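First the structure, in the form of structure tokens, and then the observations on it.
The values are calculated or read from the model by the stated rules, or taken from the named source; none is laboratory data. This structure is a prediction, so every number in the text was calculated from the model and none was measured. Methodologically, a virtual Cβ is constructed for each residue, glycine included, from the backbone with ideal geometry; neighbour enumeration extends over all protein chains shown. Surface accessibility is based on the protein's heavy atoms, side chains included, excluding ligands, DNA and RNA. Shrake-Rupley method; radii C 1.70, N 1.55, O 1.52, S 1.80 Å.
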Amino acid sequence: MMTRPQQGRTHRLTRPSIAIAAAVAVTAGVVAAAPDAKTAEPTPKLSLIAASTSVTLDSWKDDPGVYLDLGTYLTSENGAFELKVTRKSYKDPVVATQVLRNGKKTTNKALPAGLVKEFSGLPGFAQVSVTDAAGKTVLKQTEAFCPNNASGRIRPDAPAQSKYPQSCPVNPFTLGSVWGVENGWASNTYAGYYAKPVQLAAGTYTAKISVTKKYRDLFGIANKPQTVKVTVRERSWEEEEGSGSAARSAAPRSAKSAAGHQGHTGHGGHEGHQRAADAPAASAHAAHGAPARPEAPAARTTGAAPTFNVGHGPYPPAPPALPWALKKESLQRQAFSAAKVGDRPGQTDGSRQAPGAKANAKRPTGKATVPDVPKPDLRSLPAYGITVSDGYEDVPGKDYLAFSANVWNAGPAKLVVDGFRSPGKELMDAYQYFYDAKGKQVGYTPTGTMEWDPRPGHEHWHFTDFASYRLLKADKKESVRSGKEAFCLANTDAVDYTVKNANWHPGNTDLSTACGQENSISVREVLDVGSGDTYTQDLPGQSFDITGLPNGTYYIQVLANPENRLKETNHKNNSALRKVVLGGKKGARTVQVPAHDLVNAN
């Protein structure tokens, strides 16, 4: 699992180079017999399987370490394996419940208190031990398991699509999640992005993988460990470049697998989303000790549905739920230089190029009306990923407070905004639409404008006045305001998939397709129910200039819909505060971030 900063630590953001690697997940290729309906058990039958009896893993000289994607999967038969994970508030612990469905009957089974403490998966689920050719144990560790990991069918009559999300959230202020393995499907047990590399010399090994006893007892999983032969081979970029082989078009196996945690990622790189293409994107989370984020792969993928924290926040975005291909040039030596992650043309974190939502054919006509139908409920999350940065080469000698902020939609209706452009005009006119229970559009209202952002790393249309960021003094009066108020809306984080009408498979996640092109005549931007949009403010003009501020206590305010231009069900929950304590001296300012109730993440 990824490491996170501890409460009260001092953070200063630098711009390190990011070591990059990527891998293609092994897909289960087993076929199991369909269960006999007469003997089917009322609860799902879970089993651990191995997709192959042997795997080859790469250790790169420039970036030593092996990622143990051993190709083991958890299968679910006789019904889907489903967990609902929630917390009432940030003052309450995370609670996990197993949802059991038997025909029209649904029952809930509470899991032991304290078993699950966050939303990234079941901790300590798999036990992995590795022995060398001489039979000596060289590694023994446990790994967490996200049931929403890379998955696939294990029998042809299983549902064609899994109804469950495709990864587990990593946003520290997630409120609710749904995890599951579809009936007749298998989910990769590898921890993926959040696993740490292990040091294994080139050679042959034997890996033994099993489900730990507490989960075998809890879910009735048979004690049948899987054994996989492992070959570790050492590779180098010099050899790859010298060979001129097709290996340049495939991801190195040693990298983080595509096994996904839905972290709905965030625009840690939306533009403020996180940075322009020329700014080392994963810098924020890298500075916190989180795993390095790989260079964004090519837009062409297997068609996996979206991941979410896509380049928007300081924590790693959710990896794609299925294998994806890397750009050929990213496999050359420069792949180990600064990562260019974020929302550049055609991709965000590289999970896929999602089809953008299409605006109506024409701008609305007739009288604008706001009918009495369900509307979105925009809510702000407390800021996180808080660090102090300098002005980089752009504004030397300055101190800035950088942070990530998320505004999400608690529903029960999605937010839909269309922009329409008059010929020759620089701005689009924006309209919010309203729908009845059957999805029919029944009204609209003008809601400001959209503007084109031509800067490298942005290059999309921004909806204005979606959110505002302010640094408040201890008396809660404004001290500094961020210049960032225009946004390209995208579903980057799964904040709460347990709310009414939550969409577990939202589209509109790729910032290029979601937010139009320079020559677009119209564009549609959507924030779906249950999802949020994270932006990281780490560039001068977006982060807070604290150069002349005295040390002391402040609050970062994230304010959704600041001008109330958008119509929503509740305007009283649009503000969230996060306490910070500034210290140090000019040029060496520090920030301490106390825990926010039970959430101890900076």
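Annotations
- The set of residues from region 375-413 being open to solvent by less than 10 Å² (accessible area, probe 1.4 Å), small (Gly, Ala, Ser) and in a strand (DSSP E or B) comprises 385, 389, 402, 404, 405.
- Among the residues of region 95-119, just one is at pLDDT 95 or above, touching a Ser or Thr at 6+ places or on another chain (Cβ under 7 Å) and assigned to a loop (DSSP other than H, G, I, E, B), namely 111.
- Summed over region 26-57, residues that are buried (at least 17 other Cβ atoms within 10 Å of the Cβ) and at pLDDT below 90 total 4.
- Residues located in region 570-583, provided they are touching a residue at least 60 places away in the same chain (Cβ under 8 Å) and over 8 Å from residue 378 (Cα atoms): 575, 576, 577, 578, 580, 582, 583
- Residue 79 vs. criteria under 26 Å from residue 154 (Cα atoms), surrounded by fewer than 21 Cβ atoms within 10 Å (Cβ to Cβ) and small (Gly, Ala, Ser): yes
- Residue ID - farthest from residue 102 (Cα to Cα), chosen from residues in region 183-219 that are under 20 Å from the mean Cα position of the chain (by Cα) and part of a strand (DSSP E or B): 188
- In region 116-139, the residues that are at positive phi and touching a residue at least 24 places away in the same chain (Cβ under 8 Å) reach residues that are surrounded by 14 or more Cβ atoms within 10 Å (Cβ to Cβ) and assigned to a loop (DSSP other than H, G, I, E, B) with C-beta atoms within less than 7 angstrom, at least six apart or across chains, in these pairs: 121/146; 121/168; 121/261; 124/212.
- From 177, 167, residue being touching a helix residue (DSSP H, G or I) at 6+ places or on another chain (Cβ under 9 Å) and among the hydroxyl-bearing types (Ser, Thr, Tyr): 167
- Of the strands (runs of 3 or more DSSP E) entirely within region 503-602, those holding at least 1 residues that are surrounded by 14 or more Cβ atoms within 10 Å (Cβ to Cβ) and in contact with a Ser or Thr (Cβ under 7 Å, 6 or more places away or on another chain) occupy 531-537, 552-560, 575-585, 588-592.
- Residue list for region 168-182, restricted to those being over 11 Å from residue 149 (Cβ atoms) and in a loop (DSSP other than H, G, I, E, B): 169, 170, 171, 172, 173, 174, 175, 182
- Options 151, 177; residue that is open to solvent by 10 Å² or more (accessible area, probe 1.4 Å), touching a residue at least 24 places away in the same chain (Cβ under 8 Å) and either touching a strand residue (DSSP E or B) at 6+ places or on another chain (Cβ under 7 Å) or over 26 Å from residue 602 (Cα atoms) (or both): 151
- In region 541-553, the residues that are within 19 Å of residue 594 (Cα to Cα) reach residues that are surrounded by 14 or more Cβ atoms within 10 Å (Cβ to Cβ) and of a type in the set (Ser, Thr, Tyr) with C-beta atoms within less than 8 angstrom, at least six apart or across chains, in these pairs: 544/400; 544/469; 544/482; 546/400.
- Restricting region 90-108 to residues that are in contact with an Asp or Glu (Cβ under 7 Å, 6 or more places away or on another chain) and within 14 Å of residue 119 (Cα to Cα), the residue that is surrounded by the fewest Cβ atoms within 10 Å (Cβ to Cβ): 90
- Of all residues making up region 414-435, the number that are among the basic types (Lys, Arg) and not in a strand (DSSP E or B): 2
- Residue that is most open to solvent (accessible area, probe 1.4 Å) [pool: residues in region 464-476 that are at pLDDT 85 or above and assigned to a strand (DSSP E or B)]: 473
- Scoring residue 63 on the criteria (1) surrounded by fewer than 22 Cβ atoms within 10 Å (Cβ to Cβ); (2) modelled with pLDDT of 95 or more; (3) charged (D, E, K, R) leaves a single failure, condition (2).
- Looking only at region 436-450, and only at residues there that are open to solvent by 10 Å² or more (accessible area, probe 1.4 Å) and assigned to a strand (DSSP E or B), the one that is nearest to residue 357 (Cα to Cα): 441
- Residue 134 meets the stated requirement of being small (Gly, Ala, Ser) and exposed (fewer than 15 other Cβ atoms within 10 Å of the Cβ).
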